[in-house]
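Input: a single structure, listed below in structure tokens.
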Amino acid sequence: MTTLELQFGGGLEALFSHKKQMEVRVPDESVRTIKDLIEYIRTTLIRERHDMFISQGTLRPGILVLVNDVDWELVDAREYVLKEGDHISFISTLHGG
Amino acid sequence: MTTLELQFGGGLEALFSHKKQMEVRVPDESVRTIKDLIEYIRTTLIRERHDMFISQGTLRPGILVLVNDVDWELVDAREYVLKEGDHISFISTLHGG
Amino acid sequence: MNGDSNPSINASDVERYSRQLLIPQFGPSGQQKLEKSRVLVVGLGGLGCPAALYLAGAGVGTIGLVDRPNDVVEKSNLHRQLAHSEARIGTNKVASAAIAIQMLNSNVAIEKHESFEPKNAVQLASSYNLVLDCTDNVASRYLVSDACAVTKTPLLSGSAIGTDGQLTFYCKTADSPCYRCIFPKPPPSSCVGSCDSAGVLGPVPGVIGTLQALEAIKFLSCMNLTEDLDRRMLLFDGSTCTFRTVKIRSRVNGCDMCGESSQLEIPAFDYEGFARGGKSIDKKALDV
Amino acid sequence: MNGDSNPSINASDVERYSRQLLIPQFGPSGQQKLEKSRVLVVGLGGLGCPAALYLAGAGVGTIGLVDRPNDVVEKSNLHRQLAHSEARIGTNKVASAAIAIQMLNSNVAIEKHESFEPKNAVQLASSYNLVLDCTDNVASRYLVSDACAVTKTPLLSGSAIGTDGQLTFYCKTADSPCYRCIFPKPPPSSCVGSCDSAGVLGPVPGVIGTLQALEAIKFLSCMNLTEDLDRRMLLFDGSTCTFRTVKIRSRVNGCDMCGESSQLEIPAFDYEGFARGGKSIDKKALDV
Ligand SMILES: [Zn+2]
Ligand SMILES: [Zn+2]
């Protein structure tokens with residue numbers, strides 16, 4: 001099992017009972033990369049409004065993913081291999097002003 | 001030797017060539033507690049205006065000391081025993097507005 | 001708004017406050033609590049201007065305003081004190097800020113006070129639900145805190161200089177520290193900078209003053225959020241646009257003001273002399 | 001001030017700006033650079049009000065103001081849009097903000113623009129040194145960024161909703177991302193909230209707009225500080241008064257706007273349709 005700290009912001013926390021952070025333990029054989037983690041979140045953690053997280057089988061546009069406060073595009077994006085203790089953030093971009 | 005991260009704020013950085021943070025390696029036999037560290041900073045790191053840091057042999061009033069972002073009063077204050085990798089902050093309180 | 005239409009918020013107010021009524025943790029009950037609240041803003045400078053304006057915008061029922069008796073708007077204030085204006089240079093700051101508040105929200109009851117001094121500080125603090133320390137000098141900061149400590153009035157204390165800012169709650173609960181718990185002695189006067197002597201970028205107190213208003217709104221409307229700035233201090237470094245929150249001590253039993261054996265009498269205390277470093281409380285002397 | 005008295009800053013201005021002239025890294029040369037600067041503020045709402053006022057206070061030479069053509073001040077704006085007033089309800093927002101700026105600092109040259117649209121966005125952006133995105137909708141955010149990307153105009157982009165805020169630089173250097181580099185596709189419209197639909201606490205855009213002004217002042221005056229918000233994004237959680245800064249990607253070669261083979265033509269692009277999620281750029285279609 002891998003222990004991860006998940007963080008949700010910019011409104012995404014609404015999908016997780018308004019919890020902005022949660023610790024999860026995921027099976028390391030089936031949840032190896034962030035791509036796997038997204039699928040795990042979709043199937044295991046989200047109860048409703050899946051469209052706010054997933055669209056056309058992948059993360060919906062307008063969500064910034066961070067691995068330990070670094071844009072996932074700088075660290076292999078969805079192929080990033082999760083490590084024990086990683087902080088993975090999903091932040092919805094804001095448009096209001 | 002103990003490696004520490006020192007942080008200065010609220011104007012105190014002026015005493016350290018405007019460096020807001022610096023890593024130092026201090027001898028662990030002579031610099032064991034924060035009290036020792038204050039003396040070490042006074043004698044080794046400060047070149048002028050010692051009165052901005054020390055008054056009557058001790059830290060001058062109006063400086064908040066933090067051990068890893070926690071008020072030193074919560075962790076033995078000047079008797080706190082320094083540990084490898086500690087972040088020690090000296091923040092001068094501000095009065096302007 | 002928000003499902004439960006509330007008879008005590010009239011239609012015009014519902015429109016005015018609609019964007020905050022939409023926030024679930026705020027809602028109509030938060031609005032009603034704000035409208036019944038009384039907040040005292042001490043200092044109408046770089047911190048007090050944005051703080052007072054955002055409080056007024058949100059519909060705090062009564063806002064008390066006080067500054068030094070003869071503090072008038074100067075040209076050098078305008079880069080950061082947005083409630084004032086060129087046309088009001090020379091006007092008393094409290095009067096000028098009151099005009100700005102009225103123009104933004106005429107619902108707000110404004111109480112203008114002549115001064116905040118040792119002789120009236122306790123009485124003033126006691127008549128408000130919350131005090132905002134937006135002052136700019138050491139003596140005032142001790143006086144504001146002492147008055148809040150003795151009257152158990154929560155105090156949101158902001159400060160700024162150069163590119164740095166700080167913000168914390170004092171006296172919020174029975175366990176919260178007062179300013180003297182953290183800083184029992186004043187700094188040597190040679191180490192004290194003011195915005196007038198050391199300078200300040202205008203948006204730096206702007207950020208802190210705006211955060212004071214935000215924390216005030218959350219507190220007064222009882223939003224019951226998980227964390228606030230009680231026993232935590234926000235440190236802002238405007239030069240790098242970074243913030244950190246640090247944990248600070250609880251109330252100190254031996255505190256000269258809020259401690260068990262405090263003998264400090266505010267009306268008799270020489271704040272100016274204390275701030276100049278001339279005098280500090282000598283427990284032994286008091287015991288003799 | 002600061003030793004070197006500077007003939008090109010007149011005595012009245014020295015007094016007005018004295019508190020920022022005292023900041024060593026700013027000083028007279030910073031003031032002169034500010035006075036020669038031209039900044040465009042797009043959107044005069046919760047972000048644009050404090051941003052424009054603090055820029056004006058600091059003495060930015062020319063401030064361009066633009067909002068939607070028929071956007072007038074409404075009562076529901078006043079809780080967070082402090083440059084406006086009850087008396088100016090119904091007034092065009094650009095005109096209202098211009099009055100507030102003039103009252104604070106009549107030195108500032110104000111350029112009022114009718115609209116920021118695909119047909120004039122590039123020309124508008126190209127005539128300023130810096131653009132502030134203070135808009136409130138997806139279509140405008142893509143348009144502002146595209147115009148800045150094509151004209152290589154640095155863009156400070158702020159946003160806020162509820163109790164959350166975000167702030168970053170786009171298009172600052174040749175390596176900086178544009179908005180499309182980070183968000184190549186718009187979110188489904190069902191996932192987009194606005195302050196009008198989802199609500200906002202007034203000081204939340206206040207904090208972000210004030211920080212936009214601070215970052216703008218530092219940038220325009222060339223304070224040469226160690227770090228800024230280029231390829232870093234500030235995330236603000238107003239519910240806990242916490243901030244974090246995260247690292248974001250550099251310019252993306254394959255970006256539809258600033259990438260090497262971009263074929264996007266701003267005047268012809270359907271921003272509204274794109275933002276509604278109806279249309280996204282289909283490279284294959286373009287290639288045919
Ligand atoms: Zn105390
Ligand atoms: Zn791009």
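The values are calculated or read from the model by the stated rules, or taken from the named source; none is laboratory data. Since we're looking at a predicted model, the values are computed, not measured. With ideal geometry, Cβ positions are generated from the backbone for all residues, glycine too; neighbour counts draw on all protein chains shown. Just the protein is used for accessible areas: all its heavy atoms, side chains included, with ligands, DNA and RNA removed. Shrake-Rupley method; radii C 1.70, N 1.55, O 1.52, S 1.80 Å.
Descriptive notes on the structure:
- Neighbour cut-off at most 10 other Cβ (10 Å), DSSP loop, GluC sites (Glu not before Pro), region A:52-97: A:Glu84
- Within 10 Å of the Cβ of each residue in D:244-252, the mean number of Cβ atoms contributed by other protein chains is 5.
- Chain A - mean residue ellipticity at 222 nm from DSSP helices (-39,500 (n - 2.57) per run, n ≥ 4, rounded to 500): -2000 deg cm²/dmol
- When chains C and B come together, the accessible area they lose, probed at 1.4 Å and totalled over both chains, is close to 2400 Å².
- Histogrammed with a bin width of 5 Å, the alpha carbon distances of chain B distribute as 3, 13, 26, 29, 21, 7, 1, 0, 0 percent, first bin at zero.
- Surface burial for D against C, with a 1.4 Å probe and both sides summed, reaches about 5400 Å² of accessible area.
- With at most 14 neighbouring Cβ atoms within 10 Å, loop GluC sites (Glu not before Pro) (DSSP) excluded, longest segment of chain D: D:1-113
- Cα centre as origin, Lys/Arg/Asp/Glu Cβ charges: region B:2-92 dipole, Debye: 360 debye
- Of interest is the spacing of the C-alpha centroids, which for region C:133-162 and region A:1-45 amounts to 43 Å.
- Tilt relative to chain D, helix D:93-104 - C-alpha long axis, 0 to 90 degrees, to 10: 20 degrees
- Counting Cβ atoms of other protein chains within 10 Å of each Cβ in D:175-185 and taking the mean gives 2.
- Scaled to the globular estimate 2.2 N^0.38 Å, the Cα spread of the protein assembly as shown, given as radius of gyration, is 0.94.
- Backbone HN-Hα couplings from phi across region B:8-20 [Karplus 6.51/-1.76/1.60, Hz, Gly and Pro as x]: 10, x, x, x, 4, 4, 4, 6, 10, 6, 6, 7, 8
- Solvent-accessible area assigned to carbon and sulfur over chain D amounts to 50 percent, based on a 1.4 Å probe.
- Accessible surface of region B:2-92, 1.4 Å probe, proportion on carbon and sulfur as whole %: 46 percent
- Convex hull of chain D built on C-alpha atoms - directionally averaged projected area, nm²: 15.5 nm²
- Taking the C-alpha atoms only, the angle from helix D:48-58 to the longest principal axis of chain D is near 30 degrees.
- Among the GluC sites (Glu not before Pro) found in region B:5-45, those both in a DSSP coil and sparsely packed, with 10 or fewer other Cβ atoms within 10 Å of their Cβ, are B:Glu29.
- In order along region C:125-137, phi translates into HN-Hα couplings of 4, 5, 9, 10, 7, 7, 10, 10, 7, 10, 7, 9, 8 Hz, rounded to whole numbers, per the Karplus curve 6.51 cos²θ - 1.76 cosθ + 1.60 with θ = phi - 60° and x for Gly and Pro.
- Calculated from the alpha-carbon coordinates, region D:59-146 shows an Rg and a Dmax of 13.3, 36 Å respectively.
- Value in Å of the Kirkwood radius, where region D:129-260 supplies the Cα pairs that are averaged: 15.1 Å
- Neighbour cut-off at most 13 other Cβ (10 Å), DSSP loop, trypsin sites (Lys or Arg not before Pro), region B:20-77: B:Arg47, B:Arg49
- Residue-averaged beta-carbon neighbours from other chains (10 angstrom radius) around C:69-78: 3
- Share antiparallel - DSSP beta bridges, region A:2-92, percent rounded to 5: 75 percent
- Here the Karplus curve 6.51 cos²θ - 1.76 cosθ + 1.60, taken at θ = phi - 60°, turns the phi angles of region C:151-157 into couplings of 9, 6, 9, x, 10, 9, 10 Hz, with x standing for Gly and Pro.
- Expected-Rg normalisation [2.2 N^0.38 Å, Cα atoms] applied to region C:1-156: 1.09
- A simple charge model with +1 on the Cβ of Lys and Arg, -1 on the Cβ of Asp and Glu and nothing else charged puts the dipole of the protein assembly as shown at about 640 debye relative to its Cα centre.
- In chain C, the sites counted are trypsin sites (Lys or Arg not before Pro) in DSSP loop states with at most 12 other Cβ atoms within 10 Å, and the longest stretch holding none of them, exclusive of the sites, is C:120-288.
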